[in-house]
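Chemist: My structure is below; once you've seen it, I'll send some questions.
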Amino acid sequence: MGPIIALAICAHTALGAGRVIVTLAAIKLGAPTFALGMLLALYSFFPMLSAVLAGRWIDRDGTRTPMLLGFALLALGTAAPALELELRALYVASVMAGMGFLLVHLPIQKLTGEAVDDHADMAGRTRNFGWIAVAYSISGFVGPLLAGYAIEYGSFRTAFLIAAAIGATGGVLLYLRWRFPHQPREAMIEPEIRVSAFSLLELPDLRRLFVAVVMLSSAWDVHLFLVPIQGAKLGLSPSQIGQVLAAFGIATFLIRIVLPVINRRVSEWRVINSALWIAVVVFAAYPLMAHVGALMMLSFVLGLGLGGGQPMVMSLLHRHSPEGRIGEAAGVRQTLIAATQTTLPVAFGSAGSFLGLLLGGPFTFAPLFWGFAGLIGWGAWSGRKEQKKIGGESDR
C-alpha cells in the first residue's frame, strides 16, 4: 500500500493546490462568478465524458500507462498558467489537470481494492480504503494551505510551479520505481456480462450507493467552490482562505484515523447518512459567520462528516460490484461525480453573478448556501426512504 499512498498524495496535492490557485488567480484577474464556475466545471467536464472508457481501459490493459499519462497531464496543465497568467491559460489548466487526475485516481481506486490477499476480505479492503482516504486527507490539508501561502509570500506563478512539481514527482516515482500486477479483464469475466456500464445502475445496492455518491461529492465540491468566493467577499487573505480549506483537510485526516473503530460499531450506511445531515447544518450556518475562526470551525465539522462518508462509499462499491467490473463501476462513480462537478459550479456561478447584481455585502451568496443545504437535506431524506424500501440500514 505504501507506493499507492505516495502516488495518491502527489496527485491529489497537485490537484487540490492547483484548483485553489486557479480560483484565486481568476478572482485576481477580475473574472465574474460565472467564469469561476466554468473554470471549476472544466476540471470535471471531460472526465465526465471519459471516465467509463478510462475504467474499461484500466480493466483491460492495467494501471501503469494510464497513471503515467495522468501525471504528465496533471503536471503540464498545472504549470501552464505560470507561463502566461491569463484567463485562457487557467482554462487550459482546468482541462488538462482534470483529465490527468482522473487517469491517476481510477487506477488508485482499483489498486487499493485489489491490495488484499483474499477477494472476500472485506475488513482488509475497508482498511485499505481507509488508508487511501487518510492519504487524500493529508493532501487535502497540504494542498490548499500550500497554495495560499505560496501566493501570499511568493506569486501566482510560483504557486503554479510548486503544484506542478508535486504532480511531476509522482510521475517520476512511478516511472523509475514502481510496477503493479495486472490480471487482464478478459480472464476475469464471462462475455455475457460485457454490457453497458450504466447497466450497473439496475442493481439496487449500487443504485442507492451512486445516489449517495452524488450527494457527498456535491457537498465536497460546492464547499471548495463557495468558500474561496465567500472568503474573498469577506476580505480574507489568500492564506486565510487556505487555512479555512485546510481545516477541512485536517478534519478528514482525523476522522479517517479513527474510522476503523467507528466502522466496527456503526454500519457504513449510518456513517454516510450522518455525513449528509452534517453537511445540511454546516451549509445553513456558513453565511451567518464572518470571522475566519468561525469559518474554520464550520469547515472542520464538515470535514469530519464528509471525510467519514467517502471511504464507506468505496468499500461498498467494491463489495457490490460484479466480478471483473470494479474499474468500470469506479468509472460510473467518477462519471456521476464529474457530472455534479460540471453542472453545479456553472449553475452556482450563474446564480452568484445574478445575486451579485441584486445583493451586496457578506450575504450576497447566502441563498446559494441555504438552497444547497435544502437540496442535500432532500437527498438524505429520499435516500433514507430508499434504504428502507430495499432492505434496511445494514450492509454487513
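Chemist: Could you tell me the calculated FRET efficiency between VAL281 and VAL214, based on Cβ-Cβ distance and R0 = 22 angstrom, to the nearest 0.05? Can you show the working numbers first?
Modeler: Numbers: r = 20 Å, r/R0 = 0.89.
After rounding, the FRET efficiency stands at 0.65.
Chemist: In a shell of Cβ-Cβ distance under 12 Å around LEU259, excluding LEU259 itself, what net charge do Lys and Arg (+1) and Asp and Glu (-1) give? Intermediate values should be presented prior to the final figure.
Modeler: Working: positive: ARG127, ARG256, ARG264, ARG265; negative: GLU268.
For residues surrounding LEU259, the net value is +3.
Chemist: A follow-up question, please. Going by C-beta contacts inside 10 Å, put TRP277, TRP378, TRP57 in order with the fewest on the left.
Modeler: Ranking TRP277, TRP378, TRP57 by Cβ neighbours within 10 Å, fewest first, gives TRP378, TRP277, TRP57.
Chemist: A follow-up question, please. Tell me, what is the FRET efficiency for MET1 and ALA290 to the nearest 0.05, using R0 = 30 angstrom and their Cβ-Cβ distance as r? It would help to have the intermediate numbers written out before the result.
Modeler: Numbers: r = 42 Å, r/R0 = 1.41.
Between MET1 and ALA290 the formula returns 0.10.
Chemist: Measuring from a point 7 Å past the Cα of LYS28 along Cα-to-C-beta, which residues in region 65-94 have an amide N at less than 17 Å?
Modeler: Output list for this probe position: 78-94.
Chemist: Compute the whole-percent fraction of alpha carbon pairs in region 224-310 spaced more than 15 Å apart.
Modeler: Details: 2151 of 3741 pairs.
Pairs farther apart than 15 Å: 57 percent.
Chemist: With each label point set 7 Å from Cα along the Cα-Cβ vector, what nm distance links LEU49 and LEU173?
Modeler: In this crude label model, LEU49 to LEU173 measures out at 3.2 nm.
Chemist: Turning to a different aspect of this structure: I want to check the label-to-label distance for ARG60 and TRP378. Put each point 7 Å from Cα in the C-beta direction and report it in nm to one decimal.
Modeler: In this crude spin-label approximation the distance works out to 4.0 nm.
Chemist: Additional query: Relative contact order of region 23-121, please, whole-number percent, based on alpha carbon pairs below 8 angstrom and at least 6 residues apart.
Modeler: Details: 93 pairs, mean separation 34.6, N = 99.
Relative contact order here is 35 percent.
Chemist: Assign unit charges at the C-beta atoms only (+1 for Lys and Arg, -1 for Asp and Glu), then state the dipole size of region 207-291 relative to its Cα centre in Debye, rounded to the nearest 20.
Modeler: Details: 7 positive and 2 negative charges, 66 e Å.
Dipole of region 207-291, to the nearest 20 debye: 320 debye.
Each reported figure results from applying straightforward, stated rules to the coordinates on display, with no laboratory input. Remember, predicted model here, so these are calculated numbers, not experimental data. For neighbour counting, all protein chains shown are included, and Cβ atoms are generated from backbone atoms with ideal geometry for every residue, glycine included.
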